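> Okay, here's the structure, questions in a sec.
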Amino acid sequence: MGNSVTPIAFREPTDVMLKHVNHRKQFNGGGGDTVQGIDLNFEFDRPNTFLDSLLPGLRESLYCNRDADNGQVDLDGVDAPLPNLRYPNLNGGSYTLMKKKDAFAGYELGVQFGLGDDISNMLFDCCKLKIQKVETNEGGTVRVFIQVSYGGDRADGSTIGKLIEQEGGEVTIQLWPPAVTQPVEEPEEMENPFPVQEADEPPLTAGDIFASGPSSDQDAHEQSAALESDER
C-alpha cells in the first residue's frame, strides 16, 4: 500500500460527526445474490499529534513551531508542539493517505443509539475502513475523514432509518480492528526492470545510444592503460 498507514481504532466510546449515510445493494460473495450495504462517513477533529499514529513523519512535514525557530527554548524531556503550518496556504488543505480502492478489512463498528444499551445500540461486524483524507488547520489541529462500509443482514430498513435519523449530527461510536489488520488493495503493477522512455520524448537513435556511452577521451585513456598493462 505504498506508505504504511496505520489503521484507526476507537476502543473506548468516541464522539464523531456522522456526515453522510449511503445505503446501496452489493453482491454477496461470488454469486449473483445481493445484500443491503451501507457506507457511513464520519469526521472528527484531533490534535495534529494524531498524524504520528497514522503516518510517522507526516506531522513534521506539514507543521512547524515558529516560536522555536525564533529562539524559544524547549523544556527538557517535553516534546515541542508544532502548532504552525509550514506554509499558510496549507490551511484547510486536504491530503489523501490511501488509494481510493484500498481499505482495511475485518473491523467491528458499534454505534450508540437510544438508551445506549445492548438492545438499542447497533453493532456491525466484518466492516471495511477507509481513511479518506486528513485536513490541516493552523493552530495544530487536523480533521480526519473516514468511511466504514458494511454489507449484510444487520443493515435492515429499521437500522438504516436510525442511522439516517442521526445523519449530520454527533454520534458515539466504537471501532475495533481485527487481531491482525489486513489491508485490502488492488494488486500493484510490477516495476519494469527495463523502463521505457517517456511518451513525449523522441525515439532514441543509434547515434544517441553511442553518444550516451563513454566519451572518446575516456576510451583513449582506457586503451592507453590497457597497452601499458600489456607492455608490463
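The values are calculated or read from the model by the stated rules, or taken from the named source; none is laboratory data. Note that the coordinates shown come from a computational prediction; the quantities given were computed from them, not determined experimentally. All Cβ positions, glycine included, derive from the backbone under ideal geometry; neighbour counts span all protein chains shown. Note: areas computed on protein heavy atoms with side chains; ligands, DNA, RNA excluded. Shrake-Rupley method; radii C 1.70, N 1.55, O 1.52, S 1.80 Å.
> Between residues in segment 68-96 that are open to solvent by 80 Å² or more (accessible area, probe 1.4 Å) and residues that are at pLDDT 90 or above and in a helix (DSSP H, G or I), which pairs lie under 8 Å by C-beta distance while being six or more apart or on different chains?
Arg86/Ser61; Arg86/Leu62
> Right, next: Evaluate the following for Ile164: is it among the hydrophobic types (A, V, I, L, M, F, W, C) and over 20 Å from the mean Cα position of the chain (by Cα)? Reasoning before the result, please.
Numbers: among the hydrophobic types (A, V, I, L, M, F, W, C): yes; over 20 Å from the mean Cα position of the chain (by Cα): yes.
Considered against the rule, which asks whether it is among the hydrophobic types (A, V, I, L, M, F, W, C) and over 20 Å from the mean Cα position of the chain (by Cα), Ile164 comes out as yes.
> If you don't mind, there's one more thing I want to ask. Somewhere in segment 121-135, is a residue closer than 26 Å to Gly57 by Cβ and part of a loop (DSSP other than H, G, I, E, B)?
no
> Just give me the residues in segment 136-156 being surrounded by fewer than 19 Cβ atoms within 10 Å (Cβ to Cβ) and either outside any strand (DSSP E or B) or in contact with a helix residue (DSSP H, G or I) (Cβ under 6 Å, 6 or more places away or on another chain) (or both), in sequence order.
Glu138, Gly139, Gly140, Gly152, Asp153, Arg154, Asp156, listed by residue number.
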